[in-house]
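Nothing in this text is a laboratory measurement; each read-out follows from the coordinates by a stated rule. Just so you know, these numbers come straight off a predicted model, no measurement behind them. Using ideal geometry, Cβ is built from the backbone for each residue, glycine included, and neighbour counts are taken over all protein chains shown.
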Amino acid sequence: MVGQSIRDIRRRINSVRSTSQITRAMEMVSVAKLRRAQEQLAQARPFAGQLADVVRRLLADPRLHRQLPGVSPAVVTGRASVSRVAYVVITSDRGLAGGYNVNLVRFARTQIESDSCPYLLYCIGRKGRHFFERLGWPVQGGLESVGDNVDFLTARKLGSELWELFVSSQVDQVDLIYQQFLGVGHQRPVRETLLPLTRLVSSRIASTGDATRLGKGPEQAGEGADTEATTVAEYIYVPSREQVLALLLPRLVHNELYRVLLEAKASEHGARRTAMHQATENAEEMLRALQLSYNKARQAAITKELVEIVGGAETLTAGGGQ
């Protein structure tokens, strides 16, 4: 029994050691992918901010005609009432990422059920799609897989589909639900409105030229606004402000969706790196416990053998004396 127990413990030690090597390798792979995703995100964030600033500046220009060629005003201002919402839930394609997907789908389900209005559901990533299909919720579209490297063409294709849904009045609002990247191993589920663009074009309305952005004339802005207005550069738009804005608004949607996909991908790699690191530490702790049990069992077997040898020697000695 003791020998069998030692063999079992040795077998478990080998199994746990192999698992530890796998999780350590997966952690290293996640670290490399996370570094690449962070670099992409660091490049995408400033561009997204600058593009949004250009759109805000155009919308704040008093010489802009509100009738844009081929663009509904609801894209910027929104509709009077919201009767249907399109939810875009971004999860991962694979597991082994700790609570990344579980926390996100739970948050998404709570948000959708609390709104209690008709909706269209789009899922990016296999985990989210499979979860909602098991619940029996209809999934209208999305992407089965994004891959480890987020491509802007993928974001543009999906963004164009969502844009068409909104401008054709099939939905009155498009919301993104994803994990926002806060740092390595730190992310939180958030919900942001992609369409209409009210959040993007008004988030910095209190910056330079705020009175003009609010639709007031220079004479209503006060002395402070007049002082700030002198520092605002003059831009020449070709062919016209309206055509440039009509061209930039869809691109703003595509770029915002691209940034969000990068946020989600960086969060996924960060969560998987943390999960694999924790799994490696757990395996090493288990190895130490198994090694201790193995040493105890081996010592017990050696002690038993010594007792048997001493007992046998004593028996032989007693037999010879007789």
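A compact table of results
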item	result
Spin-label pair E285/Q21, simplified geometry with 7 Å Cα→Cβ offset, distance in nm	2.4 nm
Placed amide H near L195: partners under 5 Å, 5+ positions off or other chain	V174
Phi to ³J(HN,Hα) by Karplus 6.51 cos²θ - 1.76 cosθ + 1.60 over region 17-29, Hz, x for Gly, Pro	5, 5, 4, 4, 5, 5, 5, 5, 5, 5, 5, 5, 5
Rounded FRET efficiency, nearest 0.05, which uses the C-beta distance separating R199 from F152 and R0 of 30 Å	0.90
Magnitude of the charge dipole, the chain, Cβ model with Lys/Arg +1 and Asp/Glu -1, debye to 20	860 debye
Spin-label model distance (nm) - K304 vs S169, 7 Å beyond Cα toward Cβ	8.4 nm
Between 0 and 90°, nearest 10: helix 100-115 axis offset from the chain longest Cα axis	40 degrees
Segment E113-Q278, length gained on full extension (0.36 nm per residue, minus Cα span)	56.0 nm
Span per principal axis, largest first, for the Cα atoms of region 1-116 (Å)	89, 37, 19
Distance between modelled label sites at R11 and T315, nm, 7 Å Cα→Cβ extension	3.1 nm
